[in-house]
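Some notes on the structure that comes next.
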Amino acid sequence: MKIELMDVLIMLAVILVLQVLAMFLIWLERRLLGLWQDRLGPNRVGPAGLLQPVADMIKIFFKEDWTPDFVDKKVFVLAPGIVVFTTLLSFAIIPFAPGVLIADMNIGILFFLAMSSLGAYSIILGGWASNNKYALLGAMRGASQMITYEVFMGLSILGVVMLSGSFSLKSIVLAQQDGWFIIPQFVGFVVFLVAGIAETHRLPFDIPEAESELIAGYHGEYSSMKFGLFFLGEYLGITLVSSLIVTLFFGGWLGPEFLPPIIWFVLKTMVFLLFFILLRAALPRPRYDQLLSYGWKILLPLTLINLMVTGALGLYFDKM
Amino acid sequence: MIDLPTSHVIILAMVLFILGLIGLLARRNILFMLMSVEIMLNAAGLVFVVGSSKWAEADGQLMFIFILSMAAAEVAVGLALILQFYKKFNTLDADAASNLKG
Amino acid sequence: MTESIWIIIALPLVSFLILAFVGQRMTRQTIALVATAGTGIAALFTLVTGWRLLSSNQANFEISSNLWEWINTSGLTIHMALHLDALALVFIFVITFVGFLILVYSTEFMNEDSGYARFFAYINLFIASMLILVLADNLLLLYLGWEGVGLCSYLLIGFWYQDPSNGYAARKAFIMTRIGDTALIIGLFLLFVEFGTLNIGEILTAAPEKWVTGDTTAKLAAFLLLGGAVGKSAQLPLQTWLPDAMAGPSPVSALIHAATMVTAGVYLIARTHAIFELAPEVQFIVAIVGAITLLIAGFSALVQRDIKRVLAYSTMSQIGYMFLALGVGAWSAAIFHFMIHAFFKALLFLGAGAIIMVLHHEHDMFKMGGLYKKLPVIFWTFLIASASLAALPLVTAGFYSKDLILWQVFASNIGGSGLWAMGFAGAFITALYSSRMVLVTFFGKTGISPTHRPGWAITTPLLVLAFLSFAGGFIELPHTMGHTQLFSEMLHGTLPALTMRELPANGELMLQIITGLTSIIAVGLACLVYLRRPSIVNQLKSSSFGNLFVRLWFTGWGFDVMYNALIVRPLVSISKLNKKDILDNISIGVSRLMAFGNSQLVLSQSGKLRWYMMIIALGAILTLTLSIVI
Amino acid sequence: MIALFYIAAFVAVISTLMAITRFNAVHALIYLVVSLLSVAVIFYLLGAPFAAALEVIIYAGAIMVLLIFMVMMLHLGETSIQQEKQWLNWSVWLGPGFLSLILLVEMSYLLVVSNEPGEGLTVVDATQVGIALYGPYIITVELAAILLLAGIVGAYYLGQEKRRVLHRFLNQEDND
């Protein structure tokens, strides 16, 4: 295993692009929300407010990095890092284009699942370390929500794995040359989408933070760049889930020849990013227990049925 | 082929196991005892995985998977027990539940 | 039809089941009907089967019927199989026919009793068990019937269980016979070990091939079988239970303790005759046992006051004759005497029962007296039966059977004049006590007067049995008088003939005249001393020597006292010694040790999880250390 | 590769050591997670990527989260840390430590004596594991399923709040 210059370059590029993209996403979200809510959104800094994220960055960096006395300091500091770290690591397995891939692991999807389950620690530890009852409640909600939705997330992907016969995302993309997996795995797609939203605790499933109930929940005690990391992690998470959906169900970089593969990938991912923002604008937040019973009582059986049917059909057509 | 000395891995597993045992023997908090049990299980799993790789058979990994499912069930029941334990004795001291002494 | 001999057993069994389960809810008429019908039909069936077999003119007829496999383990296969030959035919004829008559009798006799259904259920179960015993194809099935009749005997002796002494008598009978049963089952084990089978036919065929005459194992086997027979047939030394068994209702005494169950020992010996022939010493012991029993029982019968006890001792005595006959190899004579004895002894018991019933349950003969006018039917039938018992020459069946035994004892190469003399003395005593019984009961001073005359259900069986007691002998007449041998010819295929020694030509006639005259003399003597000159008896009794013997005989030669002194008392005193459970200290010590160990180990049970973990760790270390060191 | 193994092994030992010595349950659990992650790395290095992934997903991701969840639910706080400090003095460590050390020495001795050739590990990937799992080991899978079901039922039953029933005629509480 020799690390070549190209690999390092790709790594650096990916990290850079993702940071910028996350920044850009903040602007995009605020603009779009304004659009859908029939208002302007940020439009003062730079052309069409494009430099607004930069301004926010500067603000966040220069705020006082205050750690309250009552918190568990080590864990308090550690928590926001985890989510950024695991999410960035997850990008290692995303095939952006042919050759533009950090690590073609044969257990790619499992790696993603592993990282996303580790991501739960960020919320839990953050909430616990804050030593604040709202934060703790948020953390507990987050923990149960993430554990719950991790299960279907893994199971919903397995349909795709069955069809492609590999855990490697690259092979999965290549297996979709004859047709995207959205068609045979529509149920899997739906479940993965819902579970993805829940995993990134985006609206409408932002129950761990739930501003109106828990006054920002697990990151209520965070400020400055530590809060910024949570923020960054959330947008990285959206990007990750979007790109995974694209890779798993929409053929990844595949597309007609007139555009290079990387562009196809970015375009498709953008669509889902917009979809995530639209969801935030459109849907109300469900109750906590509703979320869990929806997961266990509807999504889990649905996924299992999907798996069984996929397997049965696979066996049937193999025999033909 | 991976050129790792098997015995080193097994020694690592033994050390982990021993650490878990020490934890189990020395800690009075039932939660820590549960953790120590997990450490020991994990060490056992490590030995199985080494065996699996050494003989190029999947059996060892299967054993690890079964250890894993066993650990999951054990933790689920164990935590429920700890919950009840705490409710009943209002402490996590394992020695508090010594009503069954001879 | 001949294949379905199981029906003979099944019919009484069905009656038993019906009576046992729904008998409490039935009226007395229904109970009587159900009770008698089963055995009655079985008796008819037996008659028909017997007739067909006898008219088939086969020399050696046998029917085997395999019903189902009962036990099958490695090396031991027992079939529920029945086997009917001439010997068994005689027995099932007696059992079903006499049994039926006794059941009919009982419908009236037990009419006042509250345990009506229970009584008939037991009797039917008894008949079924007895039939299983005699029809069994293998010794285990035979043993099943053997124990079945033992159980029924126990239940019926203690039928009136409110009186503790009846329960005591029942237990005594059960335990005494159990001693014999133990010997029998050990004998069965021995035979199984030797032959690997329990099938009677196979054993009888294999025994002469395996053993030479006088083989020690054969002796042992025969001796053990004899032990079983002695217990069941109330012979010396296990005879003491029979007089006490008279505590049961009279029909029970008639059926079980006179006609059928007590002769099971005779059946067993006759059935396994091949083994006894291979052990001549044991066969001779059989003869000795019979001879001694017939004498001591006869003496005891001579002085009893209770009419049923007289009959009980008489039964022992008559079975002694059968044993004597078996012992000298006069197989068919023994069976012939069994049949005749079943008739007249059942009749005697039934008659005695009827007398007792109408005399307010009075058992003492000397309180009866002068009944011959008041109860004519009972008197005449009783007289016939007594004459048969006393073996009055020419006209009674008892004469022919007993005479046959005496002659064959004399003529046999095993027997001889010594055994003959004992049998002869027994015959004299028999005539004496039977005459005494009749005279005291029916003549002399008028005692208690009867309440009523028994009805037809009682008198009919008496008449039928009286006819048989009178006419039954004519199917087997000696050489000297007509020479009819229907009975021994029938048994010829099943039982071997007697081996005779060289004798003078007219010896048989001489002996017959002697025995015939003896019984007549005995009857005359009895008339003299009990009717005309009672003072002779009283003088004899009052003399110190006579008094001693009267007391000795009255208690059955003091066997009960002896057993009490030799066995029961020592056992009781040993138990008393062990009252504080001295021997138990061994086992208690073990448990104390355990308790002590437990109390020490309990200390290790601190209830602390970590402590247990420590022990586990120590165990692991110990194991590893051992594996390293060793 | 080998260097990676030793680093991971070092991290695993140190973090496990920390895990069993912490007073604060959450800190201990975090160390334990680190230990598990380094073991997962070792799995990967040993050629068992599937086991490595499962180790992270299930052990680190689910089981440990459950444990932390429980700690959060009980919310023991500062008092329990003081308690732990009291419970964990050096005399408590001495006996178990000594015992375990003996055990370790003995096991190492056995390992050395057994003299197994050390080299030659092979990659066993997920496909092989899957084939074996649903082939010869299918019964074990069923058993594991039953075990998990029993775990679910047991946890549900044990974890539920027992309602204290007040009989309408009695003022005493029914003891549960």
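The values are calculated or read from the model by the stated rules, or taken from the named source; none is laboratory data. Everything numeric here is computed off the predicted structure, so don't read it as measured data. Neighbour counts are summed over all protein chains in view; Cβ atoms, including those assigned to glycine, are modelled from backbone coordinates with ideal geometry. Side chains are part of the model used for accessible areas, which takes the heavy atoms of the whole protein and leaves out ligands, DNA and RNA. Shrake-Rupley method; radii C 1.70, N 1.55, O 1.52, S 1.80 Å.
The test for being more than 22 Å from the chain's Cα centre (by Cα) and within 22 Å of C:Ala270 (Cβ to Cβ) holds for C:Asp403. Of the helices (runs of 4 or more DSSP H) lying entirely inside chain B, those containing at least 2 residues that are more than 7 Å from every other protein chain (Cβ to nearest Cβ), under 11 Å from the mean Cα position of the chain (by Cα) and within 25 Å of D:Ala8 (Cβ to Cβ) span B:6-26, B:30-55. Out of the residues in segment A:184-229 that are open to solvent by 30 Å² or more (accessible area, probe 1.4 Å) and at pLDDT 80 or above, state the one that is farthest from A:Gly159 (Cα to Cα). Going through the qualifying residues, I end up with A:Phe227. Out of curiosity, is D:Gly47 at the interface with chain A (Cβ under 9 Å from one of its Cβ atoms), modelled with pLDDT under 85 and under 23 Å from D:Thr127 (Cα atoms)? Taking the combined requirement at face value, the residue does not satisfy it.
Restricting the search to helices (runs of 4 or more DSSP H) fully inside segment C:253-354 and requiring at least 2 residues that are of a type in the set (Ser, Thr, Tyr) gives C:280-303, C:307-328. Within segment A:265-319, the set of residues being surrounded by 15 or more Cβ atoms within 10 Å (Cβ to Cβ), without any contact (Cβ under 8 Å) to a residue 60 or more places away in the chain and over 18 Å from the mean Cα position of the chain (by Cα) comprises A:Tyr294 only. Determine if segment A:90-103 includes at least one residue that is out of contact with any Cys (no Cβ under 7 Å at 6 or more places or on another chain) and within 11 Å of another protein chain (Cβ to nearest Cβ). No: segment A:90-103 contains no residue that is out of contact with any Cys (no Cβ under 7 Å at 6 or more places or on another chain) and within 11 Å of another protein chain (Cβ to nearest Cβ). Once segment A:1-53 is narrowed to residues that are in a helix (DSSP H, G or I) and among the polar types (S, T, N, Q), the residue that is farthest from A:Val84 (Cα to Cα) is A:Gln52. Considering segment C:138-210, there are no qualifying helices (runs of 4 or more DSSP H) wholly inside with 3 or more residues that are β-branched (Val, Ile, Thr) and open to solvent by less than 60 Å² (accessible area, probe 1.4 Å). Residues of segment A:120-167 that are more than 10 Å from chain D (Cβ to nearest Cβ), open to solvent by 10 Å² or more (accessible area, probe 1.4 Å) and under 19 Å from the mean Cα position of the chain (by Cα): A:Arg141, A:Leu155, A:Leu158. Among the candidates B:Asn42, B:Asn29, single out the residue that is modelled with pLDDT of 90 or more, closer than 26 Å to D:Gly154 by Cα and either buried (at least 23 other Cβ atoms within 10 Å of the Cβ) or touching a helix residue (DSSP H, G or I) at 6+ places or on another chain (Cβ under 7 Å) (or both). On inspection, the qualifying residue turns out to be B:Asn42.
Can you find even one residue in segment D:77-87 that is more than 7 Å from every other protein chain (Cβ to nearest Cβ), part of a helix (DSSP H, G or I) and open to solvent by less than 10 Å² (accessible area, probe 1.4 Å)? No, segment D:77-87 contains no residue that is more than 7 Å from every other protein chain (Cβ to nearest Cβ), part of a helix (DSSP H, G or I) and open to solvent by less than 10 Å² (accessible area, probe 1.4 Å). Taken over segment A:277-303, residues that are farther than 23 Å from A:Gly154 by Cβ and of a type in the set (Gly, Ala, Ser) amount to 2. C:Gln605 meets the conditions (1) under 30 Å from D:Met107 (Cβ atoms); (2) open to solvent by 70 Å² or more (accessible area, probe 1.4 Å); (3) part of a helix (DSSP H, G or I); (4) within 14 Å of chain B (Cβ to nearest Cβ) in every case but one. The failed one is (3).
Residues that are modelled with pLDDT of 80 or more, over 22 Å from C:Met110 (Cα atoms) and crowded, with 24+ Cβ neighbours inside 10 Å do not occur anywhere in segment C:372-382.
Every test in (1) open to solvent by less than 50 Å² (accessible area, probe 1.4 Å); (2) under 26 Å from C:Ile175 (Cβ atoms) is passed by C:Ser519 save one, and that test is (2). Does A:Val100 satisfy being open to solvent by 30 Å² or more (accessible area, probe 1.4 Å), at pLDDT below 85 and under 20 Å from A:Thr239 (Cβ atoms)? Yes.
Restricting the first member to segment C:333-346 and to residues that are assigned by TED's automatic domain parsing to the domain that holds C:His492 and open to solvent by 10 Å² or more (accessible area, probe 1.4 Å), and the second to residues that are of a type in the set (A, V, I, L, M, F, W, C) and assigned to a helix (DSSP H, G or I), the beta-carbon pairs closer than 7 Å and six or more apart or on different chains are C:Met339/C:Val90; C:Met339/C:Val94. Only one residue in C:Thr430, C:Thr446, C:Thr460 is under 27 Å from the mean Cα position of the chain (by Cα) and open to solvent by 20 Å² or more (accessible area, probe 1.4 Å), so which one is that? After applying the criteria, what remains is C:Thr460. Is there a residue being among the charged types (D, E, K, R) and crowded, with 23+ Cβ neighbours inside 10 Å anywhere in segment A:171-182? No, segment A:171-182 contains no residue that is among the charged types (D, E, K, R) and crowded, with 23+ Cβ neighbours inside 10 Å. Going through (1) under 30 Å from D:Glu78 (Cα atoms); (2) in contact (Cβ under 8 Å) with a residue 60 or more places away in the chain; (3) open to solvent by less than 40 Å² (accessible area, probe 1.4 Å) one by one, A:Trp66 falls short only on (3).
Matching residues to (1) surrounded by fewer than 18 Cβ atoms within 10 Å (Cβ to Cβ); (2) more than 10 Å from chain A (Cβ to nearest Cβ):
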{"position": "D:Val33", "(1), (2)": "no, no"}
{"position": "D:Val39", "(1), (2)": "no, yes"}
{"position": "D:Ala53", "(1), (2)": "no, no"}
{"position": "D:Ile58", "(1), (2)": "no, no"}
{"position": "D:Leu67", "(1), (2)": "no, yes"}
{"position": "D:Leu99", "(1), (2)": "no, yes"}
{"position": "D:Ile102", "(1), (2)": "yes, yes"}
{"position": "D:Glu106", "(1), (2)": "no, yes"}
{"position": "D:Leu110", "(1), (2)": "yes, yes"}
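Exactly one residue out of A:Val14, A:Val84, A:Val75 is open to solvent by less than 30 Å² (accessible area, probe 1.4 Å) and within 14 Å of chain D (Cβ to nearest Cβ), and it is A:Val75.
Residues in segment C:585-597 include at least one that is within 14 Å of another protein chain (Cβ to nearest Cβ) and among the aliphatic types (A, V, I, L, M).
Go through segment C:228-252 residue by residue and tally those that are assigned to a helix (DSSP H, G or I) and open to solvent by 20 Å² or more (accessible area, probe 1.4 Å).
Qualifying residue count for the region: 2.
For D:Thr127, the requirement of being exposed (fewer than 15 other Cβ atoms within 10 Å of the Cβ), out of contact with any strand residue (DSSP E or B) (no Cβ under 7 Å at 6 or more places or on another chain) and over 30 Å from A:Leu125 (Cβ atoms) is met. Within segment B:45-58, the set of residues being surrounded by fewer than 24 Cβ atoms within 10 Å (Cβ to Cβ) and farther than 14 Å from B:Phe17 by Cβ comprises B:Gly51, B:Lys54, B:Trp55, B:Ala56, B:Glu57.
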